[in-house]
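Taking it in order: structure first as structure tokens, then the write-up.
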Amino acid sequence: MGNWKVTANMAAREVAKQVYAKYYHDTVFCVSLSTIQRKVERIWKQFSEGRKRYGQTGKEDSLAVKQ
């Protein structure tokens, strides 16, 4: 309670823990917790960059659309 906020790294760590716990006994999913965290952070970075680019004014003329 209060004004304490969760950072993106902390949230990625918690998601990685949940994924790791869900697939802990699965023999196919054999990666470490830190690897899962890096993948979650990479996906979040792509999502937030896409959201930022989509929200820019002049969407049709942006550099991302021209590429």
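Could you list I43, I36 so that the one with the fewest beta carbons within 10 Å of its beta carbon is first and the one with the most is last?
Ordered by Cβ neighbours within 10 Å, fewest first: I43, I36.
FRET efficiency for W4 and R42, Cβ-Cβ distance as r, R0 = 30 Å, nearest 0.05?
Between W4 and R42 the formula returns 0.70.
Under a Cβ-only charge scheme (Lys and Arg +1, Asp and Glu -1), can you give me the dipole magnitude of the stretch 8-55 about the Cα centre, in debye to the nearest 20?
240
Could you tell me which of rounded, prolate or oblate describes the stretch 8-55, using a ≥ b ≥ c as the square roots of the eigenvalues of the alpha-carbon gyration tensor, with rounded for a/c under 1.5 and, failing that, prolate when a/b is larger than b/c and oblate otherwise?
prolate
No value in this document is a laboratory result; all are computed from the given coordinates. Keep in mind that what you see is a predicted model, and the values were worked out from it rather than measured. With ideal geometry, Cβ positions are generated from the backbone for all residues, glycine too; neighbour counts draw on all protein chains shown.
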